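Read the figures in this text as sums done on the coordinates, not as results from a lab. Note that this is a predicted model, so its numbers are computed, not measured. Counting neighbours? That spans all protein chains shown, and the Cβs are built from the backbone with ideal geometry, glycine included.
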Amino acid sequence: MIPGPTTSLTDAARSLGFLLPDSGGRSLSAVLPAVAGSLGVTDGAGRFGAAQRLLRLAPAERVCVVLIDGLGFENLTERSGHAPFMRSLLADGGELTCGFPSTTAVSMGIFGTGTGPGRTGLLGYTVRNPHTGALANMVSWTGLGAPEDVQREGTVFEAITGAGIAVTTVGPAKFAQSGMTRAALRGGRYWNAESLADRVDAASYELISPGLVYLYWGDVDKIGHHEGARSWQWGDALEAADREIERLARTLPSGTRLIITADHGMVDVDVSKRWDVAQITGLSEGVKIVAGEPRAVHVYSRKASGAPAVAARWRDVLGDGALVATRDEVIDAGWLGPVSDHVAPYIGDVIVALTGAGTVVDSRTQSAASLGLRGVHGSLTPREMRIPYLTLSV
């Protein structure tokens, strides 16, 4: 789809039912700044206090933030029978929006810094490294340089620890010194814990003393990718997570503020609406490399001036199956927030957001396992963009 002569990119997106990022409103970018404000941390710009007021967080000495990867607001509400504890916390205002693309790498940058992907450089599952020209993975941090060189924004954890307040991240050992952790979540100490039960125990122990604990759980997303978010396996994964988080609420010290959120939602693919770049000339012509997500594609053209022609061909092929825009159009529309000079070269020359349950893949570079994913995310549909924001004072 292409915006008409009198239609802006934003209007075109809204006509497709897309939900646009709202970095200045109730979004994932406000969560940790609001927590910092509730812990009494101030910043020169007044950002922490503004976020605290926006999310209505009362002052607290102890806060536990749980992020459940892949638990979209609509996914949760539709399957709430598997999550009686989280269902009990659903109320008006119990949701936020994530950023675009609606995917883990982008959301971790937004969550950890309170700024958008245009600042953090965390732009998708994969991107083209402008220094090497090769495909790079922002989740495993392969094919990229030092995390601190890509993601140059200060983190909220650094601000909180700088104010003398303890911060502990609880997650798997493999993430302790990962590129993603160093990029988006640096600051404080890291507690290695593999099972969710062990992470709950660690969080409860750490909050015997005042401070902030951040607990990450990824199995809901993992199961969703492989089995689909409407599968019985996904329901079981949600049920297991809900049971342990309820136990967390019971074991946290009195007076602790518990916050439960997520990084994105998920849609189940429609295999009849899958386009493979490797098999469609209109998608491969003039294209050097394809990156991003099956639902939010970064397309890099062979020639610097080739983006408009590439975009036109992709629009012809995808039709109403996607919204196709050039890098400049996306930046001007503000979907990535303000864009730093060093970040701009990482952004695709053309950006593609899929509608419905369609996907774009490239069998030349993607593994068979990734081509077979049943649950995906990245685009601007409400199912992918809306995330829960559940709070409880225990």
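Overview of results
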item: Calculated FRET efficiency for the pair D332/H226, C-beta based, R₀ 41 Å, to 0.05; result: 0.65
item: FRET efficiency for E148 and T42, using Cβ-Cβ distance with R0 set to 30 Å, rounded to 0.05; result: 0.75
item: Cα centroid of region 200-269 to Cα centroid of region 120-171, whole Å; result: 23 Å
item: Sorted peptide list for 83-92, 327-336, 343-352, criterion being average Cβ within 10 angstrom, highest first; result: 343-352, 327-336, 83-92
item: Residues in region 151-193 that a label on S367 would reach, taking backbone N under 17 Å of a point 7 Å out along Cα→Cβ; result: 174-175
item: Cα gyration tensor of the chain - equivalent ellipsoid semi-axes, whole Å, descending; result: 34, 22, 19
item: Helix-derived mean residue ellipticity, 222 nm - over the chain, DSSP H n ≥ 4, -39500 (n - 2.57), to 500; result: -9000 deg cm²/dmol
item: Rounded FRET efficiency, nearest 0.05, which uses the C-beta distance separating A176 from K288 and R0 of 30 Å; result: 0.30
item: Qualifying lysines (Cα of each under 28 Å from Cα of K174; at least 8 residues distant if same chain); result: K222
item: Simple spin-label estimate for V271 and A312 in nanometres, 7 Å along Cα-Cβ; result: 3.6 nm
item: Computed magnitude of the charge dipole of region 203-304 (debye, nearest 20; Cβ of K, R +1, Cβ of D, E -1); result: 440 debye
item: 12 Å Cα-Cα reach of K303 towards aspartates and glutamates, excluding residues that sit fewer than 8 places from it in its own chain; result: E285, D349
item: Packing rank of 315-326, 365-376, 214-225, 103-114, where each peptide gets the mean count of other beta carbons within 10 Å, highest leading; result: 103-114, 214-225, 315-326, 365-376
item: Ranked by how many other beta carbons lie within 10 Å on average, peptides 379-387, 34-42 from highest; result: 379-387, 34-42
item: Computed over the chain: relative contact order in percent, which uses C-alpha pairs under 8 Å that are six or more apart; result: 26 percent
item: Computed label-point distance, nm, for sites S209 and A166 using a 7 Å Cα→Cβ extension; result: 0.4 nm
item: Tensor-based shape of region 254-358 (alpha-carbon gyration tensor, a/c under 1.5 rounded, otherwise prolate or oblate); result: oblate
item: Potential extension, R26-E239 segment - 0.36 nm per residue separation minus Cα distance; result: 74.0 nm
